[in-house]
Amino acid sequence: MVDTLKKEHVALSDQVKLTFESFPGQDVLKSVQLLGAEYEVLKRKYLKESSERRQLYNEVIELKGNIRVFCRCRPLNGSDIVNGSAVSVVNFDSSPDELQVICSDSSKKLFKFDHVFRPEDNQEKVFTQTKPIVTSVLDGYNVCIFAYGQTGTGKTFTMEGTPEHRGVNYRTLEELFQICEERHGIVKYELLVSMLEVYNEKIRDLLAENSTEPTKKLEIKQAADGTQEVPGLVEARVYGTEDVWEMLKSGNRVRSVGSTSANELSSRSHCLLRVTVIGENLINGQRTRSHLWLVDLAGSERVAKTEAEGERLKESQFINKSLSALGDVISALASKSAHIPYRNSKLTHILQSSLGGDCKTLMFVQISPSTADLTETLCSLNFATRVRRIESGPARKQTDLTELKYKQMAEKLKHDEKEIMKLEDTLQKVQTRLIAREVMCKNLQEKVAEERKIRLKQESRLAVSAQPSTSTLTAVPKAAKKPPLNPSGRQPLRRITNFLPPPPERRPSLTKNAQGILKPKRRVSIAARPPSSPPTTRVLQPKRRVSVATLRPDTTCDMITSLSTATSESPSGSRSIRNQRKARYSRLFAPIPEIRTSVEAKPTLTGSSRKFAGSPTQAESRMGRHPTVLALQRKSLVWSPLNLRSMRISGRK
Ligand SMILES: Nc1ncnc2c1ncn2[C@@H]1O[C@H](COP(=O)(O)OP(=O)(O)OP(=O)(O)O)[C@@H](O)[C@H]1O
């Protein structure tokens, strides 16, 4: 035995003995290298093509509409014949995606959908149209397909079908398995199936063991990745169509059904089949996880029509409420609303991750051709039209409008930015100019200050040189004969000069006389009556305006005017007239108690009269109550630097 084995070993060793020739030659190695490079190029190309195909496929689906509506009409059945409503109110003569409903008043209503299935269309035909959408799940998109319609119109038939006429659910999984097989070696797929129902707003796991028994409460929770999950829900791994069929059968067995007047085995709950696809690209290692929801909704029957009461009535109310919530969500999605009311029902909440966004949604609107169901048929068709119209009609337009609006906004933004830049440039220029002007202004101010200094010096010199002559011109000699006008030691009133008062800081440098001369004077206008009669009757008529100069009110200097001086020196012949006039004016203006006749008394005028403090009193001391002076007491004096200036000029002359 051992010998035999040894011999076999030697023989085999001889067979596999490696010789020098047995190593691949350089040609072979080169070929292998070339093949390797070629493989890498092909792999890259494949990935690129595959990505492009997915993208184009997705674009095709999007162009057709992410929310698509198919209409399916069931054939007339036995009960329709029994009820005497075996005449079809639905007409399919127009086109493959249109149907007409003949209303009770014989009018026809046209409805248009993405596809219309006639009563004679079989399950296969239905699935052919459905296939492109469901296979998106293998490319990583979430898909949701649901059947909506009145009780007994074939929702369960379309989605689940029968062993002989299998529906969308089974065919979908069959198709998925087939594609998985085709992509074997490139993408590795894992398919998991869950089955649940939403009954009276409660979630029930149809794949859980002993599902008939009350199980723990299932709730919808948001996962870390933002998707909606139902913790505790059974996820069964399926490897082939047989597994799927068995699972669907077991799930359907425990589904809540009840008998209504419209359907003997009416679905009283929403049945949801969830297929989770986990894909791993074996070439680039990319992983995807997506959901496909296949939903057989409960019937949208009217409560009154189904004669529901008690438990059935409660079911119907829950059904209608959740269907209404679904309609709201679809409408909001289609109209790109900012808020999608997913949480208004368990049904929409659980489907949240598969409705909207990049998800593909397909709605089957199931109708009955029977005249007895005309109202329900019209209701369902109107609802479906609304859903579809929002997406492919006005909603698309609205989307386009939104895009247009965004484009316009972007353009406006660009335009505004340009404008802002322009304005900023202008602002910068203006600022530069402003700075330049400020510098210029400063220079000018400095120049002005310099000039002012020089001028003041000149004026000071002039004032000093003009001192002797000025003293002769003043009324001081006359005033000297009179009692002192300013017993309080205030500056005596000087003759009006046209010299500008020196600025305060310059005063100390001036001589005493010059100070007296340069006391600020004030020119005012007073009213005086022009002489209209011979000199004997010539009296001061307070009509003509004459200019008189007064001291500035803020100074305590007394005012003296040529007029007052003239009046005080008027001939004694006119004294009686003056006295008469005095009496008259005294009547007119008297009493003026604040004016004191005593030159010794310091004036105690208040308010506006204080402005003339000193001057009128002293004037009065010389001329009594002269009307002009009295008028002055009552008139506001106008201080004008221009007058001063003209005075100064005339003074120089
Ligand atoms: N297109 C069709 N071809 C043949 N039979 C159909 C078709 N549609 C529906 N049926 C039949 O009509 C009956 C009622 O259908 P189904 O139970 O699917 O209605 P449903 O809309 O699911 O009702 P419910 O909402 O009450 O569950 C079933 O016996 C089904 O086989």
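Overview of values
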quantity	calculated
Evaluation of Leu297 against (1) closer than 21 Å to Glu190 by Cα; (2) buried (at least 21 other Cβ atoms within 10 Å of the Cβ) (one fails), failing number	(1)
Lone unmet requirement of (1) closer than 28 Å to Glu174 by Cβ; (2) in contact (Cβ under 8 Å) with a residue 24 or more places away in the chain; (3) touching a Cys at 6+ places or on another chain (Cβ under 9 Å) for Phe92	(1)
Lone unmet requirement of (1) of a type in the set (Val, Ile, Thr); (2) within 16 Å of the ligand (Cβ to nearest atom); (3) in a loop (DSSP other than H, G, I, E, B) for Ile283	(2)
Residue identified as modelled with pLDDT of 90 or more and crowded, with 19+ Cβ neighbours inside 10 Å among Leu444, Leu347	Leu347
Some residue of segment 165-177 being surrounded by fewer than 21 Cβ atoms within 10 Å (Cβ to Cβ) and among the aliphatic types (A, V, I, L, M)	no
Identity of the residue in segment 111-139, modelled with pLDDT under 90 and hydroxyl-bearing (Ser, Thr, Tyr), that ends up farthest from Thr172 (Cα to Cα)	Ser136
Within segment 353-382, tally of residues that are of a type outside the set (A, V, I, L, M), away from the ligand (no atom under 16 Å from the Cβ) and touching a helix residue (DSSP H, G or I) at 6+ places or on another chain (Cβ under 6 Å)	2
Within segment 263-280, considering residues that are of a type in the set (D, E, K, R) and either modelled with pLDDT under 75 or near the ligand (Cβ under 9 Å from one of its atoms) (or both), the one farthest from Gly152 (Cα to Cα)	Arg268
Residue count, segment 93-106 (criterion: surrounded by fewer than 18 Cβ atoms within 10 Å (Cβ to Cβ) and under 14 Å from Leu381 (Cβ atoms))	5
Count of residues meeting criterion [assigned to a helix (DSSP H, G or I) and either away from the ligand (no atom under 15 Å from the Cβ) or in contact with an Asp or Glu (Cβ under 9 Å, 6 or more places away or on another chain) (or both)] in segment 80-122	1
Hey, Leu29 part of a helix (DSSP H, G or I) and at pLDDT 85 or above or not	no
Residue satisfying condition, being modelled with pLDDT under 85 and within 38 Å of the chain's Cα centre (by Cα), within set Ser290, Ser322, Ser300, Ser353	Ser353
Test: residue in segment 229-250 that is within 16 Å of the ligand (Cβ to nearest atom), closer than 25 Å to Asn281 by Cα and touching a residue at least 40 places away in the same chain (Cβ under 8 Å)	no
Complete set of residues in segment 123-161 that are within 16 Å of the ligand (Cβ to nearest atom), of a type in the set (Ser, Thr, Tyr) and part of a helix (DSSP H, G or I)	Thr128, Thr130, Thr156, Thr158
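Conditions tested, residue by residue: (1) within 16 Å of the ligand (Cβ to nearest atom); (2) aromatic (Phe, Trp, Tyr); (3) touching a strand residue (DSSP E or B) at 6+ places or on another chain (Cβ under 9 Å).
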residue	(1), (2), (3)
Glu164	yes, no, no
Glu175	no, no, no
Ile179	no, no, yes
His184	no, no, no
Leu192	no, no, yes
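The values are calculated or read from the model by the stated rules, or taken from the named source; none is laboratory data. Because the structure is a prediction, the values reported are computed rather than measured. When we count neighbours, we look across all protein chains shown, and the Cβ atoms used for this are built from the backbone with ideal geometry, even at glycine.
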